[in-house]
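The values are calculated or read from the model by the stated rules, or taken from the named source; none is laboratory data. Keep in mind the model is a prediction, meaning the values are calculated, not measured. Here the Cβ positions follow ideal geometry from the backbone for every residue, glycine too, while neighbour counts run over all protein chains shown. Keep in mind that these areas ignore ligands, DNA and RNA; they rest on the heavy atoms of the full protein, side chains included. Shrake-Rupley method; radii C 1.70, N 1.55, O 1.52, S 1.80 Å.
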Amino acid sequence: MRVMRLDNVTAYVVTGLFVIATLVVGAELLYSAGIAVETGDQGLVQLGDVLTERYGSVAGTVFVIGFWAAAMSSLVGVWNGVSLMFADFAGGVRHQPADHPDRLAGGRYYKAYILWLTFPPIVLMLLGKPVYLILAYGVLGSLFMPFLAVTLLWILNTDRVPRQWRNKPLTNVLLGLCAVAFLVLGVNELVGAVQKAFGG
């Protein structure tokens, strides 16, 4: 539990620093200079060019390489980590032992989830963003955080978790508030996705 908590704290601190750094770059470097960048990958290249002009070629190169490293590590982390979680979940539902080959990296469930993570986005790109795939991903994305908050409320209050690691009352209140907030935001995102998909 100590290792998991340290891992979570580190992840949130680094994510917070990243968000603050992005806000500083956007506010101080781009907004104050009246510079607009394109969306997508070209926007990152343009931002690297701005940093190069302002601070030299080393800063621009470090930014582009750093952003690539962050994006690649997130991609690989999701592919590997979420696939392992799904494999463990699927094996648990089927009451398989923890060392069963299907529950491990490279097992049946792991490979199936990697395929699910890989091919729908490729289809989405090749088919010119069809409406129903956009809606499917919008729905799944908007409902993930409320699902996570409710799941934590449920799991961390059951007798399957040792008493010393169960939620305290304050944690339950905060998780409940998070669940409500994310549910409202999720519904808002879902409505926005539907309106965009149908040209609203």
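A few notes on this one:
- Summed over segment 144-164, residues that are open to solvent by less than 80 Å² (accessible area, probe 1.4 Å), assigned to a helix (DSSP H, G or I) and either among the hydrophobic types (A, V, I, L, M, F, W, C) or modelled with pLDDT of 80 or more (or both) total 7.
- If the condition is being surrounded by 14 or more Cβ atoms within 10 Å (Cβ to Cβ) and part of a helix (DSSP H, G or I), then segment 81-97 contributes Val82, Ser83, Leu84, Phe86, Ala87, Asp88, Ala90, Gly91.
Matching residues to (1) in contact (Cβ under 8 Å) with a residue 12 or more places away in the chain; (2) not aliphatic (A, V, I, L, M):
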residue	(1), (2)
Trp68	no, yes
Trp79	yes, yes
Ala90	yes, no
Gln96	no, yes
Tyr109	yes, yes
Val123	no, no
Leu126	no, no
